[in-house]
Amino acid sequence: MNFRVRAARTAFTTSAFVTAAMLFGAQAAVAGTNDSFSVGTTGGGCGAVDYVDYGAGAPGGGNNDDYLVIHDYCGDGKGVRAYAWLSNDIIGNVYLGAKNNTNGLAGAAVVWDPFKAYDNVLPGDRVGIKVCLFNSNNTLSSCAEASHVSVDG
């Protein structure tokens, strides 16, 4: 085997090991604690909100984390409304707003990132979400809420 072939093989093998190490390291960071959780409306769960700690993110937005997905699971003529809060020792308890899914049972879930202004949910931050059904008079019903303290952000 000549010197060029040997050098090329060595370079290829070294590159493969470095690439594998980088991929393993990236996966290990993502494979930390998954703080995702969900809350569904009471009385049948026609609506639900998922807090996604790790995921694909909004369509066309690339891979990101810390966002909500609002689901409507019933063809009952009601919409689903999600509310979000973020709290920690620095900012206190901050209401981040509300977003509706009026797409109905046959429609797509709504992806919403109310945490964007804070860049990222950090370790120790408490994420709060609430979900309600609402009718054409904007009357809320079947509300439920949950919160979770993020382990690793």
(message) For the pair Asn120/Asn100, report the inter-label distance in nm, with labels modelled 7 Å from Cα in the Cβ direction.
(response) 3.5 nm
(request) Rounded, prolate or oblate: pick one for the stretch 76-153, where a ≥ b ≥ c are the square roots of the eigenvalues of its C-alpha gyration tensor, a/c under 1.5 means rounded, and failing that, prolate if a/b is larger than b/c, else oblate. (result) prolate
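Rounded to a whole number, what % of the accessible area of the stretch 58-153 do carbon and sulfur atoms account for, probe 1.4 Å? Don't skip to the answer; put the middle values down first.
Details: 2530 of 5120 Å².
In the stretch 58-153, the share of accessible area belonging to carbon and sulfur is 49 percent.
What accessible area per residue comes out for the stretch 87-153, rounded to a whole number of Å², with a 1.4 Å probe?
Per-residue value: 58 Å².
The values are calculated or read from the model by the stated rules, or taken from the named source; none is laboratory data. Computed from a predicted model, the values in this text were never measured in an experiment. Note: ideal-geometry Cβ built from the backbone for every residue, glycine included; neighbour counts use all protein chains shown. Surface accessibility is based on the protein's heavy atoms, side chains included, excluding ligands, DNA and RNA. Shrake-Rupley method; radii C 1.70, N 1.55, O 1.52, S 1.80 Å.
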